[in-house]
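The values are calculated or read from the model by the stated rules, or taken from the named source; none is laboratory data. A quick note: this is a predicted structure, and the numbers were derived from the prediction, not measured. Here the Cβ positions follow ideal geometry from the backbone for every residue, glycine too, while neighbour counts run over all protein chains shown.
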Amino acid sequence: MLRGFGRWSLALGLMFSVVACDHGDVPALRERAQQAWSEVQSLYRQRADKVPQLVEAVRRQAPAEREVLNEVMAARDEVIAILNADGFIAEPERFRHYEEAQHRLTAALATLDDAAERYPELTGDTHFATQLAEFLRLEDRLVVARSDLISAVRAHNQELRGFPDGWVAAILNPDARPLTAFARAQLERPSTHSPR
């Protein structure tokens, strides 16, 4: 009798301790990751929106760089087309294509920067200098936002792997899964070479 009571006490104690765990962290951490992703998306869109202004400024001073300018605009158009598509984040193949498009745009912008450096009249153009400074500030914000996203995804995924929070979250929310698409794309460091 006493032995059966001890087992029940232990079982009830374990049950109450699991229920008392703050399993609400998983949805909050997922929300934080989604907000961080929204910020990255917003900054990517702003970056894509600023590209035509930079290209036009270079085109006015360096029309011979037509091939470079066309390459930048083609990469930018590809990014915009994907940004305007719905649901690409949920499909790993489309998401990988999106990340590749962002990397191509970054590489094309680096080529644009190299081309602009060959034209001293561009460095003296105050309008171009202002546009470039705005663009560089945006690039810096993008680096910070990507870092915040990586941290948010890492915190979410660690919480899901933890005991007992991960188990409780899995029981209460069977859709709770690691954010692999975010992590796979965002753990790669962005290129450090951007326009001056």
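Restricting segment 39-67 to residues that are touching a residue at least 40 places away in the same chain (Cβ under 8 Å) and over 22 Å from the mean Cα position of the chain (by Cα), which is farthest from Tyr119 (Cα to Cα)?
Gln53
One line per residue, one yes/no per condition, for (1) crowded, with 17+ Cβ neighbours inside 10 Å; (2) in contact with an Asp or Glu (Cβ under 7 Å, 6 or more places away or on another chain); (3) modelled with pLDDT under 60; (4) of a type in the set (Gly, Ala, Ser):
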| position | (1), (2), (3), (4) |
| --- | --- |
| Ala129 | no, no, no, yes |
| Arg161 | no, no, no, no |
| Leu179 | yes, no, no, no |
| Leu187 | no, no, yes, no |
| Ser191 | no, no, yes, yes |
